[in-house]
Amino acid sequence: MRRRFLVSMAVADVAALVVALFVASFGTFRTVPWSIAAPGGRSIWPLIGFFLSGAVLGSVLSSRMWKGSAPRPTYGRGLAIVAFGVAFASLGVTATFSYISRTFFATTSAVWLLGALAHRAVRRRRPWTERIVVITNEKELVDDLRNAPHTDVVDLLDPGATGPVEPLEQGVTLVVDLRAVLSDRMAQYASSCALAGYPVRALSGVYEEHTGRIPVIHLAEGWEISAPVMRTAPYVGGKRVFDFLAVLLTSPFWLLLAGAIALWVRMDSPGPVIFKQVRAGRHGQPFTLYKFRTMKADAESDGPQFAQHNDHRLTGAGRVLRRFRIDEIPQLWNVLKGDLSLVGPRPEQLHFVKAFTEAIPFYAERHLIRPGVTGWAQINYGYADDQADAIDKLTYDLYYVKHMSPWLDLHVLGSSLWTVVSGFGAR
């Protein structure tokens, strides 16, 4: 189902581009693409070829971003594919000195974007689903799967059942909790389904893919997280280079914005402009984190407290800065220093790290990698108000630690950028 969805999305994107090429051809040259007579006898086919190649490459890269998670028809992915295709076509014609009509190029890009967003709007009304039958006693995990947008839990079976079990329907996946003790009957049933050619998958893998979380209850030793981190070691060096260059190259913009915000914070309420706090970094090493002050100067006079969604300690400017997440701009200095990455688990206060490490199994595993300015948990969950929330956030953090990749980082950065620009989705 997943592969079918990815292929159909790629085909739809290419089809939207073909329609855009025809619209641009008629609008610019009053003829079909293969009959275009460009000035000076030059051919427009290299430009068309670059557009089509960019669409295919963009779709391939986008599918890689869904590795380890259930693919969804998101507008952000559509925009990213079109942007990649347009950039590829631009670089192609520039490098080869091919013919380009600005009107044709602009019309193709605009119509293609509209088409890509339109077919995603249709898909979002009836998203694809994976029909599953689950063998487990973990009702909470099943409830999470029921709430996931691309799962249809057809039935829930008791691992210890001994009676007759109905055969699976066509198109249904059997999901088995490998942590559960199966009766002889249920073990035989799972084996029979596999022999009959039905997909049989582990609950932990299905849960990860459809919820973007790690089922902490299924962790036993901790190496289930550390082993994948070791496999991604080659990416860590490149990730650090990307972080440094991205912050350095965008510094003229964010330094100007930071200056304006600093003036606003100074005028809004008494107290320092920059808030400093010691946080836990990679391997739990402490470092000083910087951010614009969003709370009253005496906000933590009673000791460390959890940040809350509508915190009464926030200042007027602080509420706006929190909504658009721009209070964290000074942390780009932490990125340059190497304390933070752009994407990773958010660094926590040392007081809470000590308490959580003692109370929550595998909490320390989130410190296997460098923490981030933004992260997978931030775009999916938000603030932790208590220890229960911290456990829920940990399931997202560990998912990122296990599946860290350039594609996942781009997805997190894109979602975070949308929050900064629009103010929607701020958590």
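The values are calculated or read from the model by the stated rules, or taken from the named source; none is laboratory data. Small disclaimer: the values here were computed from a predicted structure and weren't measured. Cβ coordinates were reconstructed from backbone atoms using ideal geometry, including for glycine residues, and neighbour counts include every protein chain displayed. The area values use the complete protein model at the heavy-atom level, side chains included, leaving out ligands, DNA and RNA. Shrake-Rupley method; radii C 1.70, N 1.55, O 1.52, S 1.80 Å.
Worth pointing out:
- With both labels modelled 7 Å from their Cα along Cα-to-Cβ, the residue 140 to residue 254 distance reads 3.6 nm.
- Rounded FRET efficiency, nearest 0.05, which uses the C-beta distance separating residue 103 from residue 56 and R0 of 25 Å: 0.55
- Scanning the chain for DSSP H helices at least 27 Å long along the axis (C-alpha atoms) with a Kyte-Doolittle mean no lower than 1.0 picks out 2-29, 45-65, 75-96.
- Accessible surface of segment 328-427 [probe 1.4 Å, protein heavy atoms]: carbon and sulfur percent: 62 percent
- Per residue solvent-accessible surface (Å²) - the chain, probe of 1.4 Å: 50 Å²
- Along the chain, the exposed loop sites are GluC sites (Glu not before Pro) outside DSSP states H, G, I, E and B with at most 14 other Cβ atoms within 10 Å, and the longest stretch free of them is 1-168.
- When restricted to Cα atoms, segment 112-266 yields an Rg and a Dmax of 23.2, 72 Å, respectively.
- Globularity ratio of the chain, using Cα Rg and 2.2 N^0.38 Å: 1.15
- Residue 64-residue 230 FRET efficiency (beta carbon distance; Förster radius 22 Å; 0.05 resolution): 0.60
- In plain terms, if you count all Cα to Cα distances in segment 29-122 and split them into 10 Å steps from zero, the share in each step is 16, 43, 28, 11, 2, 0 percent.
- Database remark: amide H of residue 342 closer than 5 angstrom to the amide H of 373 (H placed geometrically; neighbours at sequence offset of 5 or more, or on other chains; Pro and chain starts carry no H).
- A Förster distance of 22 Å, applied to the separation of the beta-carbon atoms of residue 42 and residue 90, puts the FRET efficiency at 0.80.
- The fraction of accessible area contributed by carbon and sulfur in segment 110-224 is 52 percent, rounded to a whole number (1.4 Å probe; ligands and nucleic acids excluded).
- Per-residue ellipticity at 222 nm from helix content only, as computed over the chain with -39500 (n - 2.57) for each DSSP H run of at least four residues, stands at -18000 deg cm²/dmol.
- Where chymotrypsin sites (Phe, Trp or Tyr not before Pro) in DSSP loops with at most 10 other Cβ within 10 Å are excluded, longest remaining stretch of the chain: 98-423
- P(r) tail for segment 194-350: Cα pairs beyond 22 Å make up 58% of the total.
- Alpha-carbon gyration tensor eigenvalues x 5, square-rooted, for segment 203-285, Å: 38, 19, 14
- Extended-chain gain in nm, criterion 0.36 nm per residue less alpha-carbon gap, residue 170 and residue 276: 32.3 nm
- Cross-link table 291/393; 276/337; 239/402; 291/337; 276/296, entries beyond 20 Å C-alpha to C-alpha: 291/393
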